[in-house]
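Below: the structure, in structure tokens.
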Amino acid sequence: MALRMWASSTANALKISTAASKSGLVSPAFSLSRCFSTVLEGFKYANSHEWVKHDGPVATIGITDHAQDHLGEVVFVELPEAGKPVTQGDSFGSVESVKATSDVNSPISGEVVEVNTKLSETPGLINTSPYEDGWMIKVKPSNPSELESLMGAKEYTKFCEEEDASH
Amino acid sequence: MAVSQTRSMGLPLINLLRLRGVPILQQLHLEERLLRTSYDNWCIINDGTTKPTIVMGVSGKAEELLEIESVIRDEIPVIRRFTGGGTVIVDQGTIFVTFICNKDAFPDLQSYPQPIMSWSSLIYKKVFQGIGDFSLRENDYVLGNHKFGGNAQSITKNRWVHHTSFLWDYQTSNMGYLKLPKRAPEYRQARGHLDFICRMKDHIPRSNFIDRTIDAVGSHFVLTSADLEASQSPLSLNFEPSSRLLKREELEEAIFKSRARRACAASAPQAS
């Protein structure tokens with residue numbers, strides 16, 4: 001028997017996020033996805049719904065709008081300390097939402113150089129501003145070629161649509 | 001590594017581990033170990049735990065959630081568990097049911113909190129069919145509008161755990177150790193503990209609930225009986241679980257924080 005489960009994004013099906021229009025980032029173009037979560041051009045995406053923005057020697061990492069929408073209100077964030085290593089595909093921290101803790105996985109390998117300390121007092125930034133104020137860690141990449149294995153905006157948009165359509 | 005059979009007759013396989021009176025901290029350690037180091041699906045049923053124990057979620061703050069002075073006076077153990085969610089007090093009357101599953105056990109099920117919660121309610125809807133007015137209300141299992149089970153989850157990249165502590169019976173006095181939580185579901189409507197929860201034993205005999213739960217699980221999985229020895233694996237030997245017992249010093253520090261908080265609130269300027 002195929003299970004067709006209600007997904008939280010269904011309730012927000014008509015929402016179109018304009019988070020990027022208030023961006024403090026330098027003029028990123030944004031694309032409206034048919035899954036109605038915001039996906040930003042110029043970012044790379046993992047299939048576990050984390051994003052990475054590579055800017056010179058540092059890469060910034062967070063979770064996507066699709067992820068925060070499906071998780072619900074984030075009430076607690078657990079992050080590593082600066083100096084800790086992260087490995088592509090492995091968990092570096094977690095978010096608590098509703099009654100669940102969910103692992104957050106690093107899209108790339110490297111060393112944590114900065115952690116978003118605002119998230120301890122205001123974890124909801126992940127919901128309201130997943131690509132800007134809700135960033136989680138900054139990493140010095142140890143293997144920048146790993147970025148090539150990640151999805152671009154169009155590919156990730158399609159990935160989200162297919163994932164939501166199949167559930 | 002040998003690939004074990006994961007499906008039979010189109011249904012995923014699950015190991016059924018039945019326990020009785022296992023201490024809740026030991027149960028939590030087992031669950032976290034299986035979540036992180038096993039590749040199998042597991043259903044764990046623990047028929048009661050030992051002495052009354054308070055179990056907070058991963059981000060729980062004792063000074064906000066507990067009547068700490070009473071907790072310390074009466075030497076009630078306080079555990080912080082690895083899953084999210086609220087605070088419960090468990091004892092010999094509690095029945096625990098846990099599902100630890102691979103994401104691909106149900107390819108149509110998105111591994112996010114709400115879909116997993118909805119899936120779990122299908123199991124208990126079957127358990128209570130013809131017995132009680134069961135429903136999933138926000139994130140609680142209720143009979144009518146009274147909560148009888150507390151849920152929590154932990155979701156990793158490829159697996160998830162959904163566990164429930166069922167209030168088959170409880171001691172009224174134990175609820176006095178818990179404050180009213182700041183964050184509560186709307187349907188609670190500011191009701192105190194005793195008006196909000198109910199005893200499952202008023203609706204269904206204990207063994208009947210466990211048997212019906214196993215039957216319901218059997219409609220979604222192919223069950224295999226397992227024992228604790230089967231839950232061990234080479235990967236699990238070095239695993240360090242994160243659920244832990246809070247030390248007395250931590251509870252005493254929480255009293256200090258609680259008093260400081262009250263003092264701040266009392267000295268805050270009144271709004272004109």
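Just rank B:Ser59, A:Ser166, fewest to most, by other beta-carbon atoms within 10 angstrom. Intermediate values should be presented prior to the final figure.
Working: B:Ser59 16, A:Ser166 11.
Ascending Cβ contact count within 10 Å gives the list A:Ser166, B:Ser59.
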Where the centroid of each part is defined by its Cα atoms, how far is the range A:84-112 from the range B:71-137 in Å?
-> 24 Å
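Looking at the square roots a ≥ b ≥ c of the eigenvalues of the Cα gyration tensor of the range B:117-272, which shape do they give, rounded for a/c under 1.5, prolate if a/b is larger than b/c, or oblate? It would help to have the intermediate numbers written out before the result.
Numbers: a/c = 2.29, a/b = 1.38, b/c = 1.66.
Oblate is the answer for the range B:117-272, as a/c is 1.5 or above yet b/c matches or exceeds a/b.
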Shielding of A:75-86 by partners, i.e. mean partner chain Cβ atoms within 10 Å per residue?
-> 1
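Rounded if a/c is under 1.5, else prolate if a/b beats b/c, else oblate: with a ≥ b ≥ c from the C-alpha gyration tensor eigenvalues square-rooted, which is the range B:20-124? Numbers along the way, then the final one.
Working: a/c = 2.24, a/b = 1.77, b/c = 1.27.
Prolate shape, in that a/c is at least 1.5 and a/b is the bigger ratio.
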Total charge dipole magnitude, the protein assembly as shown, about the Cα centre, Cβ charges on Lys, Arg, Asp, Glu only, Debye to nearest 20 = 780 debye
Over chain B, what relative contact order in percent results from Cα pairs under 8 Å that are six or more residues apart?
-> 26 percent
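Are any of the pairs A:Lys84/A:Lys154; B:Lys182/B:Lys257; B:Lys157/B:Lys182; B:Lys103/B:Lys125; B:Lys61/B:Lys257; B:Lys51/B:Lys147 more than 20 Å apart by Cα-Cα distance, and if so, which?
Pairs exceeding 20 Å: A:Lys84/A:Lys154; B:Lys157/B:Lys182; B:Lys103/B:Lys125; B:Lys51/B:Lys147.
So how strong a dipole does the range B:9-265 carry about its Cα centre when Lys and Arg Cβ are +1 and Asp and Glu Cβ are -1, to the nearest 20 debye?
Details: 32 positive and 29 negative charges, 103 e Å.
Dipole magnitude for the range B:9-265 comes out near 500 debye.
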When N counts the residues of the range B:9-265, how does its alpha-carbon radius of gyration compare numerically with 2.2 N^0.38 Å, as a ratio?
-> 1.01
Roughly how tilted is helix B:24-37, in degrees to the nearest 10 and between 0 and 90, from the longest Cα axis of chain B?
-> 50 degrees
Between the Cα axis of helix B:113-127 and the main Cα principal axis of chain B, the angle (0 to 90°, nearest 10) is 70 degrees
DSSP beta bridges in the protein assembly as shown [antiparallel fraction, %, rounded to 5] | 80 percent
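Taking every residue in A:44-50, how many Cβ atoms of other protein chains lie within 10 Å of its Cβ, on average?
On the way: counts 0, 0, 1, 1, 3, 1, 0.
The mean count of partner-chain Cβ atoms within 10 Å per residue comes to 1.
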Compute the Rg/Rh shape ratio of the protein assembly as shown: radius of gyration over Kirkwood radius, all on alpha-carbon atoms.
-> 0.97
Which percentage, to the nearest 5, of the DSSP beta bridges contained in the range B:9-265 is antiparallel?
-> 70 percent
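From the Cα gyration tensor of the range B:185-272, with a ≥ b ≥ c the square roots of its eigenvalues, which class applies: rounded if a/c is under 1.5, or else prolate if a/b is larger than b/c, or else oblate? Please report the intermediate quantities before stating the final value.
Working: a/c = 3.45, a/b = 1.56, b/c = 2.21.
Cα axes put the range B:185-272 in the oblate bin.
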About the Cα centre, charge dipole magnitude for the range B:170-236 (Lys/Arg +1, Asp/Glu -1 at Cβ), debye = 540 debye
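Quick one: B:Cys198, B:Cys101, fewest Cβ neighbours within 10 Å first, how do they rank?
Sorted ascending by nearby Cβ count, the order is B:Cys198, B:Cys101.
Based on other C-beta atoms within 10 Å, arrange A:Asp133, B:Asp108 from fewest to most. Each step should come with its number before you reach the end.
On the way: A:Asp133 18, B:Asp108 13.
Result, fewest neighbours first: B:Asp108, A:Asp133.
Take the Cα gyration tensor of the range B:153-212, multiply each eigenvalue by 5, square-root it, and list the three semi-axes largest first, rounded to whole angstrom. Before the final figure, lay out the partial values.
On the way: eigenvalues 112, 92, 24 Å².
In descending order, the three semi-axes are 24, 21, 11 Å.
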Post the alpha-carbon centroid distance, the range B:36-60 to the range B:147-188, in whole angstrom.
-> 12 Å
Per-residue ellipticity at 222 nm attributable to helices in the protein assembly as shown (runs of n ≥ 4 DSSP H, -39500 (n - 2.57) apiece, nearest 500 deg cm²/dmol) works out to -7000 deg cm²/dmol
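Coordinate-derived values only; no laboratory data. Please read these numbers as outputs of a predicted model, since none were measured by experiment. Here the Cβ is made from the backbone with ideal geometry for all residues, glycine too, and neighbour counts use every protein chain on show.
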